[in-house]
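Colleague: This is the structure I have questions about; it appears just below.
Quick note: the coordinates plus some simple rules give every number you see, no bench work behind them. It should be emphasised that the depicted structure is a prediction, and the values quoted were computed from it without experimental measurement. For neighbour counting, all protein chains shown are included, and Cβ atoms are generated from backbone atoms with ideal geometry for every residue, glycine included.
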Amino acid sequence: MAESSEGGPRQFSLRPPRSSGTENIPAADAGSTSIDSAESELAEDDVIDLSLERSDSKVVEVLARLDSELVGLLPVKSRIADIASLLLVDKMRRRFGLGSSRPNLHMSFTGSPGTGKTTVALRMAELLHHLGYLRKGHLVAVTRDDLVGQYIGHTAPKTREVLKRAMGGVLFIDEAYYLYRPENERDYGQETIEILLQVMENERDDLVVIVAGYRDRMETFFQSNPGMNSRIAHHIDFPDYSDAELERIAELILNEQGYYLDDDARIAFAEYLTLRRERPHFANARSVRNALERSRLRQASRLLNSEKTVLTKSDLMRIDELDIRASRVFGRVDEAGA
Ligand SMILES: Nc1ncnc2c1ncn2[C@@H]1O[C@H](COP(=O)(O)OP(=O)(O)OP(=O)(O)O)[C@@H](O)[C@H]1O
Ligand SMILES: [Mg+2]
């Protein structure tokens, strides 16, 4: 289900979801050239074929996928397109020997849970790889527990091990503000922050750090850690999704999985969203994904408990109204989970 309301060449995408936690996620392909191994310098009166540069970098392709596979997020998409343009121009300038230090690419992604931060970080890693700014373009997603140790001497090796794995790609630190605990004077998180600051400065040609989390807490974190703030070049804010966007995300997810909502189920799902938003722990697209997961369970039980002796392909694909309305969000209490 394509969505390109922006018009023009700004386009985007999303691959099937991946779990979060500490993991190495490879980019689409690895091993492209690094920016430093570019061709020999061009002469003063040489010209660069812009369309060739564009297609070589795959930037249009990656942005197009981002646009078609990710619903909404227009401000985010437009910031990414701007960064991509900057890098493409930077790359061309280098061919003429212009500009020496490479642009700072460390970023901060702020927004509520389930607004697509991890998904976009994966896309960003891929984009930077295609543009030649990251050797490998994989993403290592971590939280405080993956970086900070429990006793003296534990933290530095732990942090360094994660950094080693992330080299050549993106280190994504979710809820980065938990690294900083001012109430605890001897907190080892400070050690991690110091190592990170060093590496963000010294290894910026080989590692991009993206810190992520709730907007207000990130602001406090940056206020208390000016060193971190000054190393982040791009602050990108992820807005909450509207109900209409969440409905489109639901269709996209179901479509990927070979399911669909029939007309009544679609109406029920819209009502579900309105109610779910008011309940605790609402997490935007993540709540949608979880709700659909549960409706698939109900559909399966419904089919197996039905009187039917044969099932059509459509029976197996269709989520009906009851599969949605049986949620306890509608006031029923006979079921675990919302
Ligand atoms: N704009 C979107 N279009 C389609 N699917 C989306 C979109 N945003 C998020 N999703 C889906 O919603 C789920 C949650 O997204 P993601 O994990 O990227 O959010 P997050 O901001 O990192 O959340 P958290 O803060 O909870 O880690 C993923 O399964 C992703 O595929
Ligand atoms: Mg996430």
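Colleague: Amide H neighbours of Val209 under 5 Å, at least 5 residues apart or on other chains, H built in the peptide plane: list them.
Modeller: Here the answer is His106, Met107, Leu171, since their amide H atoms fall under 5 Å of that of Val209.
Colleague: Read phi for every residue in the stretch 170-180 and hand back ³J(HN,Hα) as whole Hz from Karplus 6.51 cos²θ - 1.76 cosθ + 1.60, θ = phi - 60°, with x for Gly and Pro.
Modeller: Each residue's phi maps through the Karplus curve to give 10, 9, 9, 9, 7, 6, 4, 5, 6, 5, 10 Hz.
Colleague: Could I ask something else about it? Output the 0 to 90 degree angle, nearest 10, between the alpha-carbon long axis of helix 263-278 and the longest principal axis computed from the alpha carbons of the chain.
Modeller: The two axes meet at around 60 degrees.
Colleague: Can you work out ³J(HN,Hα) from phi for every residue in the stretch 126-142, in order, using Karplus 6.51 cos²θ - 1.76 cosθ + 1.60 and θ = phi - 60°, giving whole Hz and x for Gly and Pro?
Modeller: These are the phi-based 3J(HN,Hα) values: 5, 4, 5, 5, 5, 7, x, 8, 10, 4, 10, x, 7, 10, 10, 9, 9 Hz.
Colleague: Using 0.36 nm per residue, how much length does the chain from Asp240 to Met167 gain when fully extended, once their Cα-Cα distance is taken away?
Modeller: Length gained between Asp240 and Met167: 23.1 nm.
Colleague: Report the full-extension gain for the segment Asp262 to Glu194: residue separation times 0.36 nm, less the Cα-Cα distance, to one decimal in nm.
Modeller: Answer, rounded to one decimal: 19.1 nm.
Colleague: While we're on this one: In the stretch 235-268, whose amide N lies under 15 Å from the spot 7 Å out along Cα-to-Cβ of Phe330? List them in ranges.
Modeller: Answer for this model: 261-268.
Colleague: Here is a follow-up. Between Glu185 and Asp145, 0.36 nm times their residue separation minus their Cα-Cα distance comes to what?
Modeller: 12.6 nm is the gain from fully extending Glu185 to Asp145.
Colleague: Please list the non-local residues whose amide H lies under 5 Å from the amide H of Asp262, H modeled 1.01 Å from N, same-chain partners needing a gap of 5 or more.
Modeller: The list, which skips near neighbours in sequence, is Ile319.
Colleague: Which entries in Lys136/Lys164; Lys91/Lys117; Lys91/Lys136 show an alpha-carbon gap greater than 21 Å?
Modeller: From the list (Lys136/Lys164; Lys91/Lys117; Lys91/Lys136), the Cα-Cα distance tops 21 Å for Lys91/Lys117.
Colleague: Which order do the peptides 252-264, 168-180 come out in when sorted by mean C-beta neighbours inside 10 angstrom, highest first? Mind showing how you got there, number by number?
Modeller: Working: 252-264: 15.3, 168-180: 22.6.
The densest-packed peptide leads the list: 168-180, 252-264.
Colleague: A follow-up question, please. Okay, which of the stretch 81-113 sit inside 14 Å, backbone N to the point 7 Å along the Cα-Cβ direction of Leu42?
Modeller: Zone members listed by number: 88-99.
Colleague: With a/c under 1.5 counting as rounded, go ahead and sort the stretch 121-163 into rounded, prolate or oblate using the C-alpha gyration tensor (a ≥ b ≥ c being the square roots of the eigenvalues; past the cut-off, prolate if a/b is larger than b/c, else oblate). Mind showing how you got there, number by number?
Modeller: Numbers: a/c = 6.08, a/b = 2.75, b/c = 2.21.
Note, shape of the stretch 121-163 comes out prolate.
Colleague: While we're looking at this one, here's another question. Kindly identify the stretch 243-330 as rounded, prolate or oblate by the Cα gyration tensor criterion: order the square roots of the eigenvalues as a ≥ b ≥ c, call it rounded if a/c is under 1.5, otherwise compare a/b with b/c, prolate if a/b is larger, else oblate.
Modeller: Because a/c hits 1.5 or more and a/b exceeds b/c, the stretch 243-330 counts as prolate.
Colleague: Another question about this same structure. Given charges of +1 on the Cβ of Lys and Arg and -1 on the Cβ of Asp and Glu, with all other atoms neutral, how large is the dipole of the stretch 78-184 about its Cα centre, in debye to the nearest 20?
Modeller: The dipole of the stretch 78-184 has a size of about 560 debye.
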